[in-house]
Structure formats: C-alpha cells, structure tokens
Amino acid sequence: MKSMETKKKIVTVVIHTVLILVSITMLVPFLWMVLTAFKSVTEATSVDPFVIFPKVWRTDSFSAVMENMNFLLLYKNTLLLILFRVVCAVLTATMAGYAFGRLNFKGKNLCFSLVLIQMMVPVQIFLIPQYLMVSKMGMLNTIFALVFPGMVTAFGTFLLRQGYMGLPNDLEEAARLDGCNIGQTFLYIMAPLTRSSMVALGIFTAVFAFKDLMWPMIVNTDKDMLVLSSALAKMQGQYAAKFPELMAASLIACIPMIIIYVIFQKQFIEGIATSGGKL
C-alpha cells in the first residue's frame, strides 16, 4: 500500500511539474511584452540574452502611443465589433442548431453536411466573395463590414446542434401536451437549457473577433473605423519598428480582454469545459 501511495505521489508531482513548466512557457511572451514596453529601443533590440529587465523603467513609450493613438475610439470600435458578432453568432447558431438537432425536414442531412464542409474550408477562400458582397452593398468602412463575416458561424451551429441533441425528447413532448408550438417550445423550453453552450460560443466568438486582423485590414481603410488589431499592425514598419512603443500599445490593447476575463472567469472556464473545445 505504501508503495502504491508513493507512486501516486510521484506521478502527481511529475504532472504538476510539467503543468507548471508549460504554464511558465505560455507566460513568457506576455512577460516579454510587459518588460519590453518599459525598455529603451537599444535594450529592446539588443542581442545580449542577459538583457531581460530594463536598466531604467521608462514610461516614454506609453506617453508616445497615448499621444499618437486614439485608444478610446479603438476601444469603441473593437467592443462594438465583439458585441455585434457575439449577438449575431449566438442568435443564428442557436436557431440553426435547434433546427438541425430537433426538427425533421427534407434535406436536413444534406444541409448540415454543407455546414460541416464549410468548417473544413480555409477562411481565406471566402475573403474575396465576402468583400465583393460588402462592397456592392456600399458598406465598406462601417461597423457592419467588420461584423459581416461573423454574423453566421458554422462552428456555432455544430456546437449548438450537439447541445440540443443531448436534451431528452420528453421535454418537447411535455411542451406539446401543454399546447406549445415549435416556436414556444424552442424559446421557453429548449433554448434556456443550452445556455452553457451559448456562453461557450459567445466566449469563442469574442476571442476570435478580438484577434481578427486580416478582415478589418481589408474592409476598413478609414482611420475612424480602425480596431485594436489593425491599429497595432499599422505600427509595424516595413524596415524597422519601435518595439517598446509597439509592446506598450499591445499592453494597453489587452486591458479590456483582461478585465472581461477577470469578471467572467467562471463562465469562461465553464464554457470551455462544456464545449470540450480549445482556443
């Protein structure tokens, strides 16, 4: 018995050691960003591997980016992008997921197969058709242009379909006996039971929208419609870059997501655990 307990303790120690090392590895880029934001350009571009901490903790980079960048406008555009994408994705996915998961109609399997195929196709293939659609609607350089690709999500449809398929049939039968039609059954009975899947989808959509770079760079050339990701990309020069300023701006840009994570930490973890997915 003692040998078994000793083996379990050893395995536990090894597992926790590996997890700690992996966690440290994942934190290194963030720590490097924070330290570089307080360095001088010479220290930031030094090839000396031992120049880790700045000799003098400078705040010049933060002052420079605050003067040159309108972060209030960038925050507003980014938060509007996240808000509308989350709302549209959750609404469309929960209705489509219910239809594919609980209703019977001709061509259901074919339509769902097309949804799955769309998940396998690289996103870049849709850039030109989506751009042409937005351009012909005259909606370039608008919030609608930013939100457009994320209004419908194949992944969200699949995720919500799996959630609805996991619910017992007795719930729908009881609702029909009480006189509920399809819409009432969906709205009052089935949809509230998939709240955890909706939270998971909202989290994934918000993170992906915050990190999206290519689409905002394509459809928005107006300075008043820039989001945080595209504004940071424009700081990178063709031949040179002021890394302290770039890292300072990146650190400031992370603040909203850090605040959101701190507030919704419990829902974030539950959403990922429920969906079984990963970022």
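The values are calculated or read from the model by the stated rules, or taken from the named source; none is laboratory data. What you see is a predicted model, and the numbers here were worked out from it, not measured in a lab. Please note: Cβ atoms are built from the backbone with ideal geometry, for glycine as well, and neighbour counts cover all protein chains shown. Accessible surface areas use protein heavy atoms only, side chains included; no ligands, DNA or RNA. Shrake-Rupley method; radii C 1.70, N 1.55, O 1.52, S 1.80 Å.
If you take the residues in region 227-255 that are surrounded by 16 or more Cβ atoms within 10 Å (Cβ to Cβ) and not hydrophobic (A, V, I, L, M, F, W, C), which one is modelled with the lowest pLDDT?
Lys242
Show the residue pairs that are 6+ apart or on different chains and have beta-carbon atoms under 6 Å apart, the first residue being within region 183-208 and more than 30 Å from Cys254 (Cβ to Cβ), the second being of a type in the set (D, E, K, R).
Cβ pairs passing all conditions: Thr185/Glu172.
Give the residue, chosen from Ala145, Ala89, that is more than 24 Å from Gly166 (Cβ to Cβ), open to solvent by less than 40 Å² (accessible area, probe 1.4 Å), at pLDDT 90 or above and touching a helix residue (DSSP H, G or I) at 6+ places or on another chain (Cβ under 8 Å). Break it down stepwise before answering.
Values: Ala89 fails: more than 24 Å from Gly166 (Cβ to Cβ).
When all the criteria are applied, what remains is Ala145.
Go through region 45-59 and give me each residue that's within 30 Å of Ile260 (Cα to Cα) and either open to solvent by 70 Å² or more (accessible area, probe 1.4 Å) or part of a helix (DSSP H, G or I) (or both). Before the answer, list the steps.
Taking region 45-59 as the starting set, the residues that turn out to be within 30 Å of Ile260 (Cα to Cα) are 52-54, 57-59.
Within region 45-59, Ile52, Phe53, Trp57, Arg58, Thr59 meet the criteria.
Here is a yes/no grid of residues against (1) open to solvent by less than 100 Å² (accessible area, probe 1.4 Å); (2) over 30 Å from Leu171 (Cα atoms):
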{"residue": "Pro29", "(1), (2)": "yes, yes"}
{"residue": "Ser61", "(1), (2)": "yes, yes"}
{"residue": "Lys76", "(1), (2)": "no, yes"}
{"residue": "Ala96", "(1), (2)": "yes, no"}
{"residue": "Lys106", "(1), (2)": "no, no"}
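When you scan region 72-150 for helices (runs of 4 or more DSSP H) that lie fully inside it, which ones turn up with 1 or more residues that are under 21 Å from Leu226 (Cα atoms)? Spell out how you get there, then give the answer.
Working: elements: 108-120, 127-136, 143-147.
Filter on region 72-150 gives 127-136, 143-147.
Does Met33 count as assigned to a helix (DSSP H, G or I), within 22 Å of the chain's Cα centre (by Cα), surrounded by 14 or more Cβ atoms within 10 Å (Cβ to Cβ) and not assigned by the TED database to the domain that holds Phe155? Step through it out loud before you land on a result.
Details: assigned to a helix (DSSP H, G or I): yes; within 22 Å of the chain's Cα centre (by Cα): yes; surrounded by 14 or more Cβ atoms within 10 Å (Cβ to Cβ): yes; not assigned by the TED database to the domain that holds Phe155: yes.
Taking the combined requirement at face value, the residue satisfies it.
Can you tell me which residue in region 164-203 is nearest to Leu110 (Cα to Cα), limited to those that are crowded, with 16+ Cβ neighbours inside 10 Å and either of a type in the set (Asp, Glu) or touching a Gly at 6+ places or on another chain (Cβ under 7 Å) (or both)?
Tyr164
Which members of region 51-101 meet the condition of being within 30 Å of Leu201 (Cβ to Cβ) and of a type outside the set (A, V, I, L, M, F, W, C)? Please lay out each step first, then the result.
So the first thing to find is which residues in region 51-101 are within 30 Å of Leu201 (Cβ to Cβ), and the list is 71-101.
Within region 51-101, Tyr75, Lys76, Asn77, Thr78, Arg85, Thr92, Thr94, Gly97, Tyr98, Gly101 qualify.
For Leu213, indicate whether it is within 23 Å of the chain's Cα centre (by Cα), in the same structural domain as Ile82 (by the TED database) and either within 13 Å of Ala145 (Cα to Cα) or open to solvent by less than 70 Å² (accessible area, probe 1.4 Å) (or both). Spell out how you get there, then give the answer.
Numbers: within 23 Å of the chain's Cα centre (by Cα): yes; in the same structural domain as Ile82 (by the TED database): yes; either within 13 Å of Ala145 (Cα to Cα) or open to solvent by less than 70 Å² (accessible area, probe 1.4 Å) (or both): no.
No: the conditions fail for Leu213.
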